[in-house]
Each structure stands twice: as C-alpha cells, then as structure tokens.
Amino acid sequence: MKKILLVGMLFPLFSQAQWNVNLFGGFSNYIGDLQSKAYTTQQSNGSFGAGLQYDLTGHLSFLSNLTYGRISAADGYSSKADLKARNLNFESVIGEWNLLAEYNILDLEKHKLTPYVFAGIAIFHFNPYAYDTTGKKVYLRPLSTEGEGLAQYPGRKPYVLTQFSIPFGGGIKFRISDRVVLAYEIGMRRTSTDYLDDVSSTYVSRTALLAARGPEAVEMAYRGNEVKGGAGYPPDGEVRGNPKRKDWYYMSGLRVTIALNSGWMSMHRRHSGVIDCPKKVY
C-alpha cells in the first residue's frame, strides 16, 4: 500500500515534468601554474558530454551530465622568460560527473532567446602526464616531482586523483523548435587541488628525489636543461609553482537540448489558454 501511495504521489510530478537529453561539444582548458590567464582558448583541447535535464518550470531546471575533456599546457608558449627556461609541460584527461541547477532569465515558452546561469557540484578524475625526451608517455604523480610521499618532506602528501569541484557559469539559449534548444555556454570549475598540472610549490633535493624515485623523476621535475642555454637542476626550496592559487578547469561550447516528452510545456499551453487546432475529420 505504501508503494502504491508513493507512486501515486510521484506520478504527477514525473508526468508533468519536461525531460530532455543534453548533448555537449566544445573545448576544455585550465588555469594554473602553466596557464595563468583567467580565460583563454590558447592550448585548448576538445571536450564533449551528454546527460539528462529535468525542467521543473520554464525558468528552473536540474541537470546531470557526464563530460570528457583534455587539458594541457607548456611553458614554451609563455611570454615570460623564466617560465620558458623552466620548460615544463603536461596533459591530462578530465572525466566529470556533475549535478547542476540551471536558471533561465526568461521563459523559453514565451521567448525565443534567453540568457541563463547554472551552478552545482561535480566529481572529476585527472591524471597528469608528459612525454620524455624519447617520446615516452610518463605519468607524473608516481614520480613525486615535488617530494610528495618522500620521508624528507613529511608535509607533502601524494595528491588524490579523484576530487570534487564546483561548476558554475552561464550562456545564451535559443529555441529552434518545440523540442530543440541550442545554447552556447561557458562553465568554470573551481577545484581544491593545485596539482592538475603536477606543479604546486618548490623544487626538492635532486639527491633525495633521485634516490627515492630514480632518474626519470629528476628528468621530469625540471626540464630547463632541454632548451638552449638552460640551467642545471635548481636547488632545494627554489620556487617551482604558486601553492596559494588552486587550479581551475573550464569547458565552453555548444549544447543541444532535445525534449523527450511534452511535460509541463503542454500543461502550460493548456493553462495559458493556448489550444492546439483539432485534427481534420473526413
């Protein structure tokens, strides 16, 4: 009996709701020690995603999406001489699952165009890597390039590869038809890690790193000796990154929303006095 009552209570909510499929395609990038600009398409990479959207009203929606993107950056693109001399680079795949609330400034049932904003919470996974001088792909976290997990640096713990982020952003929507909406959006992701790029604070002792993780760790921790006129490995404690500023990633692009049912939109038409023309009878 309780199950029947629960279904009876929820059925009107689900039957009157507008359910949609979201498809996203665009580019991804990050903000960190190898890419200091607040927002840029330089060194951007492709991203795509899909998910479900639940329209509670013409203004308020709830979304859940799976998104895949790639971030990368290299000191070689920097305009600063000291960063060019450091010569670090990285890449990482970003996999994200999010839950979002979205608000349309204007009701798309009454307007063709509206700005919108969104915010929520996400779980994401990253794993930075780079290529050595032979072209071999090397994952950076196991190398402890800044002494993470080494006994000589007890305050530096290995960073966690799966973490939470806070997504927020906005865009513009345009209704193409009764069931299709096209949008362009920019979505920022604030994280609590400074290691999306495997760079955070200072260099560690070359001797200690070599003994603990081997020559590959030393090679990937500092790559200035690979460029013309580059210096040798920096001394222990020299600045490598900025630990006071956490890393961000962001995704921008086009989103297509396709309605799966008539939901509240048909209810809205009936209550607003809009009546569809009856079918002709012959």
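The values are calculated or read from the model by the stated rules, or taken from the named source; none is laboratory data. The shown structure was predicted, so the numbers you read here are calculated from the model rather than taken from an experiment. Cβ placement follows ideal geometry from the backbone for every residue including glycine, while neighbour counts extend to all protein chains displayed. Areas reflect the complete protein model, heavy atoms only, side chains present, ligands, DNA and RNA absent. Shrake-Rupley method; radii C 1.70, N 1.55, O 1.52, S 1.80 Å.
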Phi angles of the stretch 154-161, converted by Karplus (6.51 cos²θ - 1.76 cosθ + 1.60, θ = phi - 60°) into ³J(HN,Hα) in whole Hz with x for Gly and Pro, give x, x, 10, 8, x, 7, 7, 8
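Write down the Kirkwood hydrodynamic radius of the stretch 13-63, to one decimal in angstroms, obtained as one divided by the mean of 1/r over all alpha carbon pairs. Could you put the intermediate results ahead of the total?
Numbers: mean 1/r = 0.0733 Å⁻¹.
After inverting the pairwise mean of 1/r, the radius is 13.6 Å.
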Whole Å is fine, so just give me how far the alpha carbon centre of the stretch 162-187 lies from that of the stretch 98-116. 9 Å
For the chain, which whole-number percentage of the solvent-accessible area (1.4 Å probe, protein heavy atoms only) is attributable to carbon and sulfur atoms? 65 percent
Under 15 Å from the 7 Å Cα→Cβ point of residue 136, by amide nitrogen: which residues of the stretch 183-213? 213
Ranking by accessible area, most exposed first, for 132, 82 with a 1.4 Å probe: 82, 132
Folded to 0 to 90 degrees: helix 2-16 orientation relative to the chain principal axis, Cα: 90 degrees
Once you put a point 7 Å from the Cα of residue 172 and another 7 Å from the Cα of residue 225, both along the Cβ direction, what distance in nm separates them? 5.3 nm
Over the Cα atoms of the stretch 150-242, what Rg and Dmax result, in angstrom? 21.2, 66
In the stretch 100-172, which trypsin sites (Lys or Arg not before Pro) fall in coil by DSSP and have 14 or fewer other Cβ atoms within 10 Å? 110, 112, 136
Between residue 101 and residue 190, with labels modelled 7 Å along Cα→Cβ, what's the label distance in nm to one decimal, could you check? 1.6 nm
Compute the relative contact order of the chain as a whole-number percentage, counting only Cα pairs closer than 8 Å that sit 6 or more residues apart in sequence. 22 percent
Sort the stretch 50-126 into rounded, prolate or oblate with this rule: let a ≥ b ≥ c be the square roots of the eigenvalues of the Cα gyration tensor; rounded if a/c is under 1.5, and if a/c is not under 1.5, prolate when a/b is larger than b/c, oblate otherwise. prolate
Under 14 Å Cα to Cα from residue 37, which aspartates and glutamates show up? Leave out anything in the same chain fewer than 8 places away. 75, 247
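For the chain, report the translational diffusion coefficient in µm²/s to the nearest whole number, using Stokes-Einstein at 20 °C, 1.002 mPa s, and a Kirkwood Rh over Cα pairs.
Details: Rh = 21.7 Å.
For the chosen part, D equals 99 µm²/s.
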For the stretch 71-175: lysine pairs under 29 Å (alpha-carbon distance), excluding those fewer than 8 apart on one chain: 9
Pop out the ³J(HN,Hα) list for the stretch 76-84 in order, Karplus 6.51 cos²θ - 1.76 cosθ + 1.60 with θ = phi - 60°, rounded to Hz; leave Gly and Pro as x. x, 8, 6, 8, 8, 4, 5, 6, 4
Using a 10 angstrom cutoff on alpha carbons, build the Gaussian network for the chain and name the most mobile of 49, 230, 58. 230
Enter the accessible area of residue 27 (Å², nearest 10), with the probe set to 1.4 Å and all protein chains included. 40 Å²
